[in-house]
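Accompanying notes for the structure given below.
The values are calculated or read from the model by the stated rules, or taken from the named source; none is laboratory data. Keep in mind that this is a model prediction, so the values were computed, not measured. When we count neighbours, we look across all protein chains shown, and the Cβ atoms used for this are built from the backbone with ideal geometry, even at glycine.
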Amino acid sequence: MSLLPPIVSPDEWQAARDRLLEKEKAATRALDALAAERRRLPMTRLAGDYAFTGPDGPASLPDLFDGRRQLVVYQMMDNGPDDYCSGCAGVVDNVGHLAHLNARDTGFAVVSDMPIMQLTAYWRRMGWTVPVYSSRGSRFSADIGAGGGFALSVLLSDGDDVYRTYVTTARGVDRLRFDFNILELTPFGRQETWEDTPAGRPQTPPYEWWRLHDEYPAKETP
């Protein structure tokens, strides 16, 4: 069975594309409605007096805002001293230039229970410039809903108080990744076995193909 899409005339292709476009527009409107509802969520105060450590030394939770009203935090998994989560690495690899967030009074930072020395060495290896802090020894990971895993949280500051307004994990974080969103526009998709994909298209189990970006072979061949 061919792994390629069927070949049709330009008119047939345009008709199929237009049918899909109607569904895409409906999905966009549904996402707009979800975003509007998300903006109306209540918030809860983070009462913990959390102590973080950054590359430049100790930091408080308000310090992570760097003078901005809003802060998005990605809590990265701590897999121990000799391992790193390739999924978390993929999330950070997909973070763009922060000037666009900063222009809307919003910051972004990565927090992990890994020791700061391990984090800074990791940041140098990966070439990341995203702000990073260690939450080791604090309850911050548990209090924002990450526990021993990962989560993306949205925080809002009001004077000396910090509030938690939103959190997502698992597929909710997946949906924010540039690479996954781009792959899902392609005929082969993410090429993972859970996807509803026509027979014959390449597929491998999820997670198994993920690597740190400096661990992929120089050239992948099908």
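The figures follow:
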item: Some residue of region 102-114 being free of Cβ contacts under 8 Å to residues at least 40 places away in the same chain, within 19 Å of T165 (Cβ to Cβ) and within 15 Å of the chain's Cα centre (by Cα); result: yes
item: Qualifying residue in region 109-116 (condition: among the charged types (D, E, K, R), closer than 17 Å to G147 by Cα and touching a helix residue (DSSP H, G or I) at 6+ places or on another chain (Cβ under 7 Å)); result: yes
item: Cβ-Cβ under 9 Å pairs, at least 6 apart or on other chains, region 211-222 side closer than 11 Å to D93 by Cβ and acidic (D, E), far side part of a loop (DSSP other than H, G, I, E, B) and at pLDDT 95 or above; result: D214/G127
item: Scope region 40-94; condition more than 13 Å from V154 (Cα to Cα), of a type in the set (D, E, K, R) and in contact with a Gly (Cβ under 7 Å, 6 or more places away or on another chain); matching residues; result: D66
item: Long-range neighbours under 6 Å by Cβ, at least six apart or interchain, first residue among the polar types (S, T, N, Q) within region 68-84, second assigned to a strand (DSSP E or B); result: Q70/T106; Q70/L156; Q75/V111; Q75/A151
item: Criterion (crowded, with 16+ Cβ neighbours inside 10 Å and farther than 26 Å from P58 by Cβ) met by exactly one of V111, V132, V173, V162; result: V173
item: Enumeration of residues in region 141-159 that are modelled with pLDDT of 95 or more and among the hydrophobic types (A, V, I, L, M, F, W, C); result: F150, A151, L152, V154, L155, L156
item: Which numbered condition L185 fails, given (1) at pLDDT 95 or above; (2) not in a loop (DSSP other than H, G, I, E, B); result: (2)
item: Residue check, R175 under 26 Å from G127 (Cβ atoms), modelled with pLDDT under 95, under 15 Å from the mean Cα position of the chain (by Cα) and not small (G, A, S); result: yes
item: Filter result for T197 (of a type in the set (S, T, Y), over 16 Å from the mean Cα position of the chain (by Cα) and at pLDDT 95 or above); result: no
